[in-house]
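Right, one structure below, let's go through it.
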Amino acid sequence: MMENLKFGEPILITQPTLPDFSKYCSTISEIWENHWLTNAGPLNKRFEDKVKKYLDVDNIASFVNGHLALEIAIKALGLTGEIITTPFTFISTTASIINCGLKPVFCDINPNDYTIDCEKIESLITDKTSAILAVHVYGNPCDVEKIDKIAKKYNLKVIYDAAHAFGVKINNIAIGNFGDVSMFSLHATKVFNSIEGGLLSFKDKNIKKKLESIRNFGITSQESIDYIGTNAKMNEFQAAMGLCNLENIDENISKRKKIVNTYIEGLKSVKGLYTINMNNANIKRNYSYFPILINSKEFGMSRDLLFDKLKEYNVMTRKYFYPLCNKISAFKSESETPIAKSISDNILVLPLYADLSINDVLQIIDIIKYFNKK
Ligand SMILES: *Cc1c(COP(=O)(O)O)cnc(C)c1O
């Protein structure tokens, strides 16, 4: 152990962004004035308006969390049978399909940015396929044009799990404008949070009422319940947090960008350590995660050992995403996705949050370089 490299306190993988305390207090003071806690209150309406502008989309609906938003999207689009999706994602994506009574069909990913491999989608389409559910993983946009082409050709719906992609743009088009529906997670650990929370942006404004009804037990008016719904409403405290955090989001993303660039620069000479190419000028990024891929032979140590070693030095990393969603014990799938498997076995996400100091980032780099030499 190189004692001078060890952190005195653990560096966590992430830390939620909090607004100025007095600002949050003054925002929630409205709740005490109008006695409105949940069910589309005034703060919730204001938040939906503002976040819709920020995300630059035509239609938006807010939810208590991203996961239920995803399930409600599947229900509102009336999907049936099979949905083609990626195994390289957070379990929520897969669970949303299964919880809606549908079958996830796993498509392998491409090795460059870990999004769904569009060349492999068509061979998985059957007469039961109703949609593609793709993930902008780590905020890297999927090949939205190819997915759109395939969807049109086979008359499929497209849902994007954009949980990681808040604020991302492709050729200056905001990410929520692609596909039929996109889901954004506003969980505490994401780039932008409303404590917990979720958003759907969607193309067809006619599904707005249906989405809003399903999130409130399927109630459509005082005396009619037109759908079998659930309870997924965003409350006023969440909306207040969203409103406050929205004011700092651009500053937050630029701090993250500086951290990511420091990691890239510091780690580029490390043998057997690979990062995603982020030089594509057409993409406006949000720097939500910083994954590294370890080639254990070249690096001199496996991903799993590096994870353990970094922990000894008080650097908390995450095997994200491991296990793969088609390899979890709760759900048996026969599908083989070799590229996703190899990425999942060798990926490690490093600490990243707006207030992580550049000095700490440099020290993390030094620790990784120290292991690389040994
Ligand atoms: C966080 C996340 C979700 C779930 O969102 P919650 O707001 O936590 O319910 C879904 N998919 C992905 C890829 C995520 O990272």
Span from the segment 226-241 Cα centroid across to the segment 158-187 one, whole angstrom: 20
Mean separation of Cα contacts under 8 Å (6+ apart) over length of the chain, as relative contact order %: 23
In Hz, Karplus ³J(HN,Hα) per residue of segment 338-346 (6.51, -1.76, 1.60; θ = phi - 60°; x = Gly, Pro): x, 5, 4, 5, 5, 5, 4, 6, 10
Residues with amide H under 5 Å from that of THR129, placed H, sequence gap 5 or more: GLU82
Relative contact order of segment 249-373, pairs being alpha-carbon contacts under 8 Å that are 6 or more residues apart, as %: 35
Dipole of segment 21-246, positive direction: furthest Cα of ALA151, THR89, LEU43, with charges on the beta-carbon: LEU43
Positive-end residue, the chain charge dipole about Cα centroid, Cβ charges, pick of VAL181, MET241, SER22: VAL181
Max mean-square fluctuation residue, GNM over the chain, Cα-Cα springs under 10 Å, options PRO141, PRO87, PRO42: PRO42
GLU265, GLU298, GLU334, ranked by accessible area, largest first (probe 1.4 Å): GLU334, GLU265, GLU298
In Hz, Karplus ³J(HN,Hα) per residue of segment 151-160 (6.51, -1.76, 1.60; θ = phi - 60°; x = Gly, Pro): 4, 5, 4, 9, 6, 10, 7, 10, 10, 9
Mean separation of Cα contacts under 8 Å, 6 or more apart, over the residue count of segment 99-253: relative contact order %: 13
Virtual spin-label span in nm between ASN277 and SER302, 7 Å along Cα→Cβ: 3.0
Carbon + sulfur, % of accessible area of the chain - ligands and nucleic acids excluded, 1.4 Å: 51
Hz values of 3J(HN,Hα) by residue in segment 58-72 - Karplus curve (6.51, -1.76, 1.60), Gly and Pro given as x: 7, 9, 9, 9, 9, 9, 5, 7, x, 4, 5, 4, 5, 4, 5
Area of HIS35 that stays accessible when all protein chains are in place (1.4 Å probe, Å², to 10): 150
Segment 218-295 - Debye-derived log10 I(q)/I(0), Cα point model, q = 0.12, 0.21, 0.26, 0.27 Å⁻¹: -0.62, -0.99, -1.22, -1.26
Around ASN359: net Lys/Arg minus Asp/Glu count, Cβ-Cβ under 15 Å: -2
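Against the globular-protein guess of 2.2 N^0.38 Å, express the Cα radius of gyration of segment 21-246 as a ratio, rounded to two decimals.
With N residues counted in segment 21-246, Rg over 2.2 N^0.38 Å equals 1.01.
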Cα centroid separation - segment 1-77 against segment 137-154, whole Å: 27
Where segment 189-343 is the region considered: accessible area per residue in Å², 1.4 Å probe: 50
Radius of gyration, Dmax [segment 147-237; alpha carbons; angstrom]: 15.2, 46
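Calculate the dipole size of segment 249-373 relative to its Cα centre from +1 charges on Lys and Arg beta carbons and -1 charges on Asp and Glu beta carbons; express the result in debye to the nearest 20. It would help to have the intermediate numbers written out before the result.
Details: 19 positive and 13 negative charges, 34 e Å.
So the dipole magnitude of segment 249-373 works out to roughly 160 debye.
What translational D, rounded to a whole number of µm²/s, comes out for segment 248-374 from Stokes-Einstein when the hydrodynamic radius is the Kirkwood one over Cα pairs, at 25 °C and 0.890 mPa s?
156
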Nearest-20 debye value, the chain charge dipole, Cβ charges on Lys, Arg, Asp, Glu: 520
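The values are calculated or read from the model by the stated rules, or taken from the named source; none is laboratory data. Nothing here was measured: the structure is a model prediction, and the numbers come from that model. For neighbour counting, all protein chains shown are included, and Cβ atoms are generated from backbone atoms with ideal geometry for every residue, glycine included. Ligands, DNA and RNA are excluded from the accessible area calculation, which covers all protein heavy atoms including side chains. Shrake-Rupley method; radii C 1.70, N 1.55, O 1.52, S 1.80 Å.
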